[in-house]
Amino acid sequence: MTLAGLLQLARFDIAGARRTFEEAMRAYPESVGARLGLARVATAQGDPGEAERLLGEVLRRAPSHPEALGRLLATVTGGGPRAASALAIIQAV
């Protein structure tokens, strides 16, 4: 399921990818891949808060997940308006 969502993202079918990842979440509630996919969708839709929330959920399930950590750390080191919230998510894990 998550592979289909990734292919939809690659084709810029953001709405389709969201539906696919949400379906994966319903079928597999603990899915790290579905959460990561939804975080990518949220980023593509310009919703960094939602992306950060989902990345935090990924880290709670897989504390050393490289993409989730990397994306949050990039936000922290970028020093923008979301840096403090991204740091708080990392520190909470």
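The values are calculated or read from the model by the stated rules, or taken from the named source; none is laboratory data. Nothing here was measured: the structure is a model prediction, and the numbers come from that model. Reconstructed Cβ throughout: ideal geometry from the backbone, glycine too, with neighbour counts over all protein chains shown. Protein only, heavy atoms only, side chains kept; ligands, DNA and RNA dropped before computing areas. Shrake-Rupley method; radii C 1.70, N 1.55, O 1.52, S 1.80 Å.
Worth a mention:
- In terms of accessible area, using a 1.4 Å probe and ignoring ligands and nucleic acids, Phe12, Phe21 rank largest first as Phe12, Phe21.
- Counted by Cβ distance under 14 Å from Ile90, the other residues give a net charge of +1, where Lys and Arg count +1 and Asp and Glu count -1.
- Binning all Cα-Cα separations of region 1-44 at 5 Å, short to long from zero, yields these whole-percent fractions: 6, 32, 38, 18, 5, 0.
- Converting phi to 3J(HN,Hα) with the Karplus coefficients 6.51, -1.76 and 1.60 and the offset θ = phi - 60°, region 44-53 yields 5, 8, x, 10, x, x, 5, 4, 5, 4 Hz in sequence order, with x at every glycine or proline.
- Accessible surface, per residue, of the chain when the full set of protein chains is kept, probe 1.4 Å, Å²: 55
- Using θ = phi - 60° and Karplus 6.51 cos²θ - 1.76 cosθ + 1.60, couplings along region 75-83 (whole Hz; Gly, Pro as x): 5, 5, 6, x, x, x, x, 9, 4
- Solvent-accessible area, 1.4 Å probe, carbon plus sulfur percent, for the chain: 60
- Taking all protein chains as they are arranged and a probe of 1.4 Å, the heavy atoms of Leu38 leave approximately 10 Å² accessible to solvent.
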